Amino acid sequence: MAASSETNSSKPDQPEAAPEVDLAQALRELARGEQTATAMEANLTNLEGKLDAILAAFDDMEREKGTKSTERVDGESKEAEK
């Protein structure tokens, strides 16, 4: 009988320890999640910068095309006047 009372007395201790362990595990996972989120934000910021640079390059190309088209049209009209 002494063994069964020891078993019963240890069971109440386990539920109290389990929430502490669960809380510690949850806090570790939360910290890991925060680190992951920070890394993802940094990667997204880097990607955003690259996309901005690509869009700016396309804008420059379009402006150059527009300028060359205007020059060709102006050049052709001046030659036609002669």
### Query
In a shell of Cβ-Cβ distance under 11 Å around A53, excluding A53 itself, what net charge do Lys and Arg (+1) and Asp and Glu (-1) give?
-3
### Query
Hey, what's the per residue convex hull volume over the C-alpha atoms of region 19-68, in cubic angstrom?
35
### Summary
Once the dipole of region 19-68 is set up from charges on Cβ (+1 Lys and Arg, -1 Asp and Glu), the residue from the list T45, A56, P19 lying farthest towards its positive end is A56
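Every number here is computed from the coordinates shown, using simple stated rules; none is lab data. These numbers come from a predicted model, not from an experiment. As a convention, Cβ positions derive from the backbone with ideal geometry for all residues, glycine included, and neighbour counts pool all protein chains shown.
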